[in-house]
Amino acid sequence: MKINTKLLHDYPVIDSFTGASSIPKYQTSTFHQKNVFSHTGFSYTRFGNPTVDAAEKCIASLENANFGLAFSSGMAAINAALFLLSKGDHLVVGKNIYGGTFQSIHQFLFRFGVECTFVDEADIHSWKEAIRDNTKMFYIETPSNPLLTITDIQKVASLADTYNILTVADNTFMTPLSQHPLMLGVDLVIHSATKFINGHSDVVAGFVATNQEKLYQRLKEHQKTLGGILSPEDAWLLLRGVKTMGLRMKKSVKNAEIIAEFLNDHSAVKKVYYPGLKNHPDAEIHAKQCSDSGAVLSFELQNTKQIDALFSNCSLPIVAVSLGGVESILSYPWLMSHGSLSEEERLKMGVTPTLVRLSCGIEDTEDLLSDLEKGLQK
């Protein structure tokens, strides 16, 4: 089954009770039990809901996984995975990670007695050198946010397997349409479904997918006990949005490829970060594990006056936190995605005051190019 057919037919999309062409919003907190002594269905929405169940089966289908779990946000999904660690455990994670993940590690895991080593995610030797006797998890994000550094998923997963280390991969940027970490050896895949999976900037949601039943059961307990569940309303909107994901991503990726080349040749631009460019240091590794280069890119300007001019004069992309909408989104990582980090931490990660991130939407390419040129000329 090819992807656009899969997005419409390979998980529950029709209501089994009425034949409705979309799963209804089962907007309820609890469910009547016909027989209190032999309950076999749904009981309480924090434990499970038919609309949410359909969304969980959707991500399992897209990631070719046995199990899927839905959460109230990408961070809820990330924390459900990180909280698999216990006091005394050691975590190894790439140094260029999403600011929220970085913040959770520092605010919670350190306080809970979990040790952590940040490594150069592009260097397989740095992962190996970081291993200790108590290393329990490798956490991968590729491409990273916002510098789009690349980790060789298969090599890191193989190394982890040798030492019996759990591997977790954040697949938000590439989506399950372009990259399949489970098939490359990863144990657990995370998505901020807020982004491309939903695609309309009107839902906050997170997903986890795995092939391991024991791991699924542990995460199911985290979902129920920590309470970061997806609401039926958001699950319904997400099921609506995912149907057009294949068509949306095709256009968004094409826009990103053309815009990355345009910026790479522009005199006002100091550097472009996009794995589809030939000058990206790990373009070959990315191409080996992905079917395209994604719809997100970042670029560095010469000074903050250019930053001010760009954001003031570009009129098509919205200026906002987040990414993955049908509309293009310009972001300023220095004050947005990584704004909660100290200046020293941001600079150490390569997040500078002249860095811009662009999530490409489905607008006509010529209009986006013209708008960016206007912002860069000013």
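When you scan the range 111-205 for strands (runs of 3 or more DSSP E) that lie fully inside it, which ones turn up with 3 or more residues that are surrounded by 21 or more Cβ atoms within 10 Å (Cβ to Cβ)?
By residue number, 135-141, 166-170, 188-192.
I need the full set of residues from the range 29-68 which are assigned to a loop (DSSP other than H, G, I, E, B), β-branched (Val, Ile, Thr) and open to solvent by less than 50 Å² (accessible area, probe 1.4 Å), in order please.
Once the filter is applied, which keeps residues that are assigned to a loop (DSSP other than H, G, I, E, B), β-branched (Val, Ile, Thr) and open to solvent by less than 50 Å² (accessible area, probe 1.4 Å), the range 29-68 yields only THR45.
Among the residues of the range 54-76, is there at least one that is closer than 30 Å to SER342 by Cβ, aliphatic (A, V, I, L, M) and assigned by the TED database to the domain that holds ALA193?
yes
Of all residues in the range 120-168, which are touching a residue at least 60 places away in the same chain (Cβ under 8 Å), over 16 Å from VAL189 (Cα atoms) and more than 15 Å from the chain's Cα centre (by Cα)?
Once the filter is applied, which keeps residues that are touching a residue at least 60 places away in the same chain (Cβ under 8 Å), over 16 Å from VAL189 (Cα atoms) and more than 15 Å from the chain's Cα centre (by Cα), the range 120-168 yields only ALA122.
Looking for whichever is touching a residue at least 12 places away in the same chain (Cβ under 8 Å), closer than 23 Å to GLY100 by Cα and in contact with a helix residue (DSSP H, G or I) (Cβ under 6 Å, 6 or more places away or on another chain) here; the options are SER337, SER322, SER298. Which one fits?
After ruling out the rest, the residue left standing is SER337.
Mind telling me which of the residues LEU316, LEU297, LEU323 ends up being in a loop (DSSP other than H, G, I, E, B) and under 18 Å from the mean Cα position of the chain (by Cα)?
LEU323
Output the residues belonging to the range 290-299 that are out of contact with any Gly (no Cβ under 7 Å at 6 or more places or on another chain) and crowded, with 18+ Cβ neighbours inside 10 Å.
CYS290, ASP292, GLY294, ALA295, VAL296, LEU297, SER298, PHE299
Name the residues in the range 166-195 that are among the charged types (D, E, K, R) and either at pLDDT below 95 or within 20 Å of GLY325 (Cβ to Cβ) (or both), would you?
ASP170, LYS195
List the residue pairs whose Cβ atoms are under 9 Å apart, where the first residue sits in the range 1-30 and is of a type in the set (D, E, K, R), the second is open to solvent by 50 Å² or more (accessible area, probe 1.4 Å), and the two are 6 or more positions apart or on different chains.
If the second residue must be open to solvent by 50 Å² or more (accessible area, probe 1.4 Å), the pairs left are ASP10/MET1; ASP10/LYS57; ASP15/SER21; LYS25/GLU233; LYS25/TRP236.
Any residue at all in the range 249-261 that is without any contact (Cβ under 8 Å) to a residue 60 or more places away in the chain and within 30 Å of SER43 (Cα to Cα)?
Checked against the condition, which is being without any contact (Cβ under 8 Å) to a residue 60 or more places away in the chain and within 30 Å of SER43 (Cα to Cα), the range 249-261 yields no hits at all.
Of a type outside the set (D, E, K, R) and either under 20 Å from VAL204 (Cβ atoms) or open to solvent by 40 Å² or more (accessible area, probe 1.4 Å) (or both): does that describe LEU7?
no
Restricting the range 340-376 to residues that are without any contact (Cβ under 8 Å) to a residue 60 or more places away in the chain and among the aliphatic types (A, V, I, L, M), which is farthest from ALA256 (Cα to Cα)?
My answer is LEU347.
Being in contact (Cβ under 8 Å) with a residue 60 or more places away in the chain and surrounded by 17 or more Cβ atoms within 10 Å (Cβ to Cβ) is the filter here, so list the residues in the range 269-289 that pass it.
If the condition is that a residue be in contact (Cβ under 8 Å) with a residue 60 or more places away in the chain and surrounded by 17 or more Cβ atoms within 10 Å (Cβ to Cβ), then VAL269, TYR273, TYR274, PRO275, HIS280, ASP282, ILE285, HIS286, GLN289 are the ones that fit.
So ALA55 clears everything in (1) within 28 Å of LYS243 (Cα to Cα); (2) without any contact (Cβ under 8 Å) to a residue 12 or more places away in the chain except one condition, right? Which one?
(2)
Take the conditions at negative phi and surrounded by fewer than 16 Cβ atoms within 10 Å (Cβ to Cβ) and apply them to SER252. Does it pass?
No, not satisfied.
What are the pairs, 6+ residues apart or on separate chains, where a residue within the range 175-201 that is in contact (Cβ under 8 Å) with a residue 60 or more places away in the chain has its Cβ under 6 Å from a residue that is part of a strand (DSSP E or B) and open to solvent by 10 Å² or more (accessible area, probe 1.4 Å)?
Matching pairs, first to second residue: ILE190/ASP170.
Can you name the condition, by its number, that TYR216 falls short on among (1) over 23 Å from ARG248 (Cβ atoms); (2) part of a strand (DSSP E or B)?
(2)
The values are calculated or read from the model by the stated rules, or taken from the named source; none is laboratory data. For clarity, every value in this text was computed on a predicted model and none was experimentally measured. Neighbour counts are summed over all protein chains in view; Cβ atoms, including those assigned to glycine, are modelled from backbone coordinates with ideal geometry. These area figures cover heavy atoms from the full protein model, side chains too; ligands, DNA and RNA do not enter into them. Shrake-Rupley method; radii C 1.70, N 1.55, O 1.52, S 1.80 Å.
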